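So the structure is just underneath, and the comments pick up after that.
The values are calculated or read from the model by the stated rules, or taken from the named source; none is laboratory data. Treat the numbers as computed from the prediction; the structure is a model and nothing was measured. Neighbour counts are summed over all protein chains in view; Cβ atoms, including those assigned to glycine, are modelled from backbone coordinates with ideal geometry.
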Amino acid sequence: MDHLPSPLASDAKSPLDGAILKKQFPIFANDAAKNPTKPLVYLDSGASTQKPATVIAAIRDFYENYYANIHRGVYRFSQRASDAVEQSRVAVQKLINAPSADNIVFTSGTTEGLNLLAATLPYSPLLKKGDRVVISELEHHANIVPWQMMRDRHRIDLAVAPIDRNPDSDNYGGIDRDALAKLLQKPTRLLAITHSANATGASVPVAEIIAAAHRHGILVAIDGAQAVAHQRVDVQALDCDFYVFSGHKIYGPTGVGVLYGRGEYLAALPPYQTGGDMIEVVSFEKTSFQPPPQRFEAGTPDIAAIIGIKAAIEFLQAVGLARIAAHEHGLVAYALAELAAIPEITIMPAGRKRDGVVSFTLGKIHPHDLGTILDDDNIAIRAGHHCAQPLLRCLGVAATARASFGVYNEFSDIDRLCASLRRAQAMWG
Amino acid sequence: MTDLRELYQDIILDHARHPRNFAANAQATHQAHGHNPLCGDTVTVYLKLDDQGRVTAANFQGHGCAISLASASLMTETVLGKTGAQIDELFADFQARVTGGKDTAPPPELADDAERLAALVGVKAYPSRVKCAVLPWHALQSALSGGESGGGA
């Protein structure tokens, strides 16, 4: 595989240059060939990141040079594909500093990871009827609805930790730590909470919250979909019990995600889906199952995506997660300052610390109209409820426009965003 | 005209800023609620029909983008005095136009109304926004087919 060109790897301490990073992503040059006067401004990395050439090449390499199913054939392509999948598992292990590759379950994405937990925990010794699960108002629907289904099917008690709704508080829009602490003082078995809110960018101080939960013997599952590509995540330092994220939000392919679980807890969970690959011995009377992680990986997975996630991780590591975090916080600070200068803009609060997301409304212009007008200027943002309807309801809005940042963004992208927002205002009169 | 100006014509922006017939109607004989779960837009359509089945009052309430508000506003103006059969013809023509099909050549007495609704035809260049324009019409059809009837909001 091609190595990243020198500006990336040579000077690991220098700030990132979004313009140089853009060159790693073929979509920008390909689009510029069609739209030379209005190059693509991609501000929707929170929904999904663009893909670097190395990730695309890894997938193509697999399909063109050694495609086969895994864990089945004795021929060399199958062996090579199986090895590649296990190498990806090790790459994920190292990315998040899991104790072992066996802690890493490949899923189809964050949504499946959370559904897997909610579907299997009630059949394990970890959770029983009448137990209590706590989530928060910051959550994406994927970290709400699976727990609601579990609540209704297994008579689990579900409580919701509120955000700070006081507009005068410096933590407005962030998780209300006092209210959460009170909730966790009541007998609770599991806390499932986001690392970083997708709709607003509110950063959750999960390390402190996990420590507090563990003092009460409460398990903690973290939805890391919006975190892993934007900051260094160390599951052992966090001391979390479960951590889930998606490949496609970390510059990798769609179709692959990760469930990290503490070894003894993964071992305590029954299978999620059943079928091939996850069994030891099958007879019509009885079947015995593989240990984790294979127990949770029934059937043929998205092998190309799993192979692609390794290339994505190598990309993240070559660029450097500390540099990415600094780069994106610089972009957010600039965006907040520039957007604040636009009349009638309302920026959604994100508590004390904001990750690479700015969510806003602009006067009476509906976010969907903004999305269409910005698209006319070749600027991609997300508009709508961001699969976080309860959070937006807490903030008193039905929909927002959201700009979210990635390695390839630069200050000029934000200038283009602001110019286009002013154009929308001029149109609306 | 660019696609964008064709979409956001002055008449559309005017109706979005100042939607006509934007109120609940406690005297409505037919009403229905429309909701787009993908974008969260909602609309409630209120109709009052006379004994001959003609619309004597059409109102709506809800929230959504300029396209859905303007579409609902124009719709409530246009259906006034029409029968269910005429409304079906207008909707068929409207739907054909906004999805990029040909107009269905409605009868001469409806031609002016059909042309007026065609202000929204710019949406055909934006497939993801067609649903915004059509949402109020689906609510209207649901109201006429007895989705919810009776007065009160």
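The table for this structure:
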| read-out | value |
| --- | --- |
| Residue among A:T400, A:T372 that is in contact with a Pro (Cβ under 9 Å, 6 or more places away or on another chain), among the hydroxyl-bearing types (S, T, Y) and surrounded by 20 or more Cβ atoms within 10 Å (Cβ to Cβ) | A:T400 |
| Residue match in the range A:367-380 (condition: at positive phi, outside the structural domain of A:P205 (by TED's automatic domain parsing) and polar (S, T, N, Q)) | yes |
| Residue in the range A:248-265 that is more than 27 Å from A:P125 (Cβ to Cβ) and among the hydroxyl-bearing types (S, T, Y) present | yes |
| Tabulated pairs, the range B:103-121, first closer than 12 Å to B:E89 by Cβ and without any contact (Cβ under 8 Å) to a residue 12 or more places away in the chain, second loosely packed, with under 14 Cβ neighbours inside 10 Å and of a type in the set (S, T, N, Q), C-beta under 9 angstrom, 6+ apart or interchain | none |
| Failed item in (1) surrounded by fewer than 19 Cβ atoms within 10 Å (Cβ to Cβ); (2) within 25 Å of the chain's Cα centre (by Cα); (3) not aromatic (F, W, Y), with A:P187 passing the rest | (2) |
| The range A:380-400: number of residues that are in contact with an Asp or Glu (Cβ under 8 Å, 6 or more places away or on another chain) and in a helix (DSSP H, G or I) | 3 |
| Hits in the range A:69-84 - residues which are part of a loop (DSSP other than H, G, I, E, B) and either at negative phi or not assigned by TED's automatic domain parsing to the domain that holds A:I307 (or both) | A:N69, A:I70, A:R72, A:G73, A:V74, A:Y75 |
| Within the range A:197-215, tally of residues that are in a loop (DSSP other than H, G, I, E, B) and within 13 Å of A:K353 (Cβ to Cβ) | 5 |
| Hits in the range B:10-27 - residues which are buried (at least 16 other Cβ atoms within 10 Å of the Cβ), in a loop (DSSP other than H, G, I, E, B) and within 13 Å of another protein chain (Cβ to nearest Cβ) | B:P19 |
| Test result for B:E6, over 14 Å from the mean Cα position of the chain (by Cα) and either part of a helix (DSSP H, G or I) or at pLDDT 95 or above (or both) | yes |
| The listed residue being aliphatic (A, V, I, L, M) and over 25 Å from the mean Cα position of the chain (by Cα), out of A:A58, A:A33, A:A19, A:A47 | A:A33 |
| Single unsatisfied condition, A:A403 versus (1) within 14 Å of another protein chain (Cβ to nearest Cβ); (2) among the hydrophobic types (A, V, I, L, M, F, W, C); (3) in a strand (DSSP E or B) | (1) |
| Which listed residue, of A:I373, A:I365, is within 27 Å of B:Q9 (Cα to Cα), within 13 Å of another protein chain (Cβ to nearest Cβ) and either in contact (Cβ under 8 Å) with a residue 60 or more places away in the chain or among the small types (G, A, S) (or both) | A:I365 |
| Strands (runs of 3 or more DSSP E) lying entirely in the range A:266-372 (those with 2 or more residues that are modelled with pLDDT of 95 or more) | A:345-347, A:357-362 |
| Residue that is farthest from the other protein chains (Cβ to nearest Cβ) [pool: residues in the range B:28-49 that are modelled with pLDDT of 95 or more and outside any strand (DSSP E or B)] | B:T29 |
| Flag if A:E280 is among the charged types (D, E, K, R) and surrounded by fewer than 15 Cβ atoms within 10 Å (Cβ to Cβ) | yes |
| Single residue of the range B:9-56 satisfying the filter (small (G, A, S) and within 14 Å of the chain's Cα centre (by Cα)) that is nearest to B:A72 (Cα to Cα) | B:A16 |
